[in-house]
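The values are calculated or read from the model by the stated rules, or taken from the named source; none is laboratory data. Given the structure is predicted, the values throughout are model-derived calculations rather than measurements. No Cβ is skipped: glycine too gets one built from the backbone with ideal geometry, and neighbour counts run over all protein chains shown. Accessible surface is based on the protein model in full, side chains and every heavy atom, while ligands, DNA and RNA are left aside. Shrake-Rupley method; radii C 1.70, N 1.55, O 1.52, S 1.80 Å.
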Amino acid sequence: MRIKWFAFLAFVLISPKLAVAADTPKVLFLGIDGCRFDALRKANTPNLDRLIDRGIYADNTRIFHARYTTADTISGPGWSSILTGVWADKHGVLDNQFKVSHYDKFPHLFVRAKEQLPETKTASLVCWAPIDQYIVASADKRYSFTEKDYGERDDAATDEAVKQLSDASIDVVFLYLGATDEAGHASGFHPANPKYVETIQAADARIGRVLAAIESRASYQDEDWLVVVTSDHGGKGTSHSNGHEVPEIFNSFLIVSGDSAERGKFETDTYIVDASATVLKHLGIDAPEDWQLDGQPVGLKK
Ligand SMILES: [Zn+2]
């Protein structure tokens, strides 16, 4: 018996596959403002398609919960919910004025990650200034892009994301793209609007660049990248305010992709607040009860 045990131990020590520790969890968190999933499906999006194929997705992720529907169906409450993992009755943001907020009690997920794992390295790249101004905290690197045109902002943010991903120590990158929402407001949130669909294709191309940057990391083989993609609302006509009864507005989507993700389509309800809970879980963080998160980890194998 003892001889067999030593033989096994020797095998473990010399076998690289068994002796290597588990791959390091890493996260790419992507936000596409005002992106309708039916338009995403209409668009030519090879990179998002690949993420869906290698993960799990929902096409009816809710942007608010039946428990609480006072906040408007716009970016301020939406990104607050996505990035804090709680609904607006907790984070306090009801509109894009940010006059009231409770981020001290219900902070950005980077704050939670650092609380539990202080070594976590984070980067935030956003093209809508209020996210950086009000919501983001505890980012090691943070950038807010303010070029006049949202396409230019998205390009600049993507360039910076590629740069940040060349840093071997980076753990979580949040990248927000805004041109799709701008196009929706200008000419209509609809799959039959080619201008709107084009911006989704442009977002997909940018995501392709970021995914290539991940795959070219020297340490890629030892890393377990989870890619999470969502949006803060859809749209109808050229608006998305007051969309509590409008499925084209209140349905977002959620993609959870990577080796650690399940496959197929979500069979249970998903909510935008689930995104940050999922990111934290992948990093190895189980949210303590006193965080009062409304979101739950979804789509992960374990
Ligand atoms: Zn928005």
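Below is a table of values for the structure above.
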| item | result |
| --- | --- |
| Test set (1) in contact (Cβ under 8 Å) with a residue 24 or more places away in the chain; (2) under 16 Å from the mean Cα position of the chain (by Cα) - Gly237 fails condition number | (2) |
| Only listed residue being among the hydroxyl-bearing types (Ser, Thr, Tyr) and crowded, with 19+ Cβ neighbours inside 10 Å, chosen from Thr73, Thr69 | Thr73 |
| Residue list for segment 272-289, restricted to those being away from the ligand (no atom under 16 Å from the Cβ) and either touching a residue at least 60 places away in the same chain (Cβ under 8 Å) or buried (at least 18 other Cβ atoms within 10 Å of the Cβ) (or both) | Asp274, Ser276, Ala277, Thr278, Val279, Leu280, Lys281, His282, Leu283, Gly284, Ile285, Ala287 |
| Restricting segment 85-121 to residues that are open to solvent by 10 Å² or more (accessible area, probe 1.4 Å) and within 16 Å of the ligand (Cβ to nearest atom), the residue that is farthest from Asn242 (Cα to Cα) | Phe98 |
| Selection count where residues are part of a helix (DSSP H, G or I), within 16 Å of the ligand (Cβ to nearest atom) and among the aliphatic types (A, V, I, L, M), scope segment 132-186 | 5 |
| Residue list for segment 235-274, restricted to those being out of contact with any strand residue (DSSP E or B) (no Cβ under 8 Å at 6 or more places or on another chain), more than 20 Å from Ala66 (Cβ to Cβ), of a type in the set (Ser, Thr, Tyr) and assigned to a loop (DSSP other than H, G, I, E, B) | Thr238 |
| Candidate set: segment 22-57, residues that are small (Gly, Ala, Ser) and within 25 Å of Trp128 (Cα to Cα); chosen: the one nearest to the ligand (Cβ to nearest atom) | Gly34 |
| Looking only at segment 222-255, and only at residues there that are acidic (Asp, Glu) and touching a Pro at 6+ places or on another chain (Cβ under 9 Å), the one that is nearest to the ligand (Cβ to nearest atom) | Asp232 |
| Matching residues in segment 25-37 - criterion: being open to solvent by 10 Å² or more (accessible area, probe 1.4 Å) and either within 12 Å of the chain's Cα centre (by Cα) or within 22 Å of Asp72 (Cα to Cα) (or both) | Arg36, Phe37 |
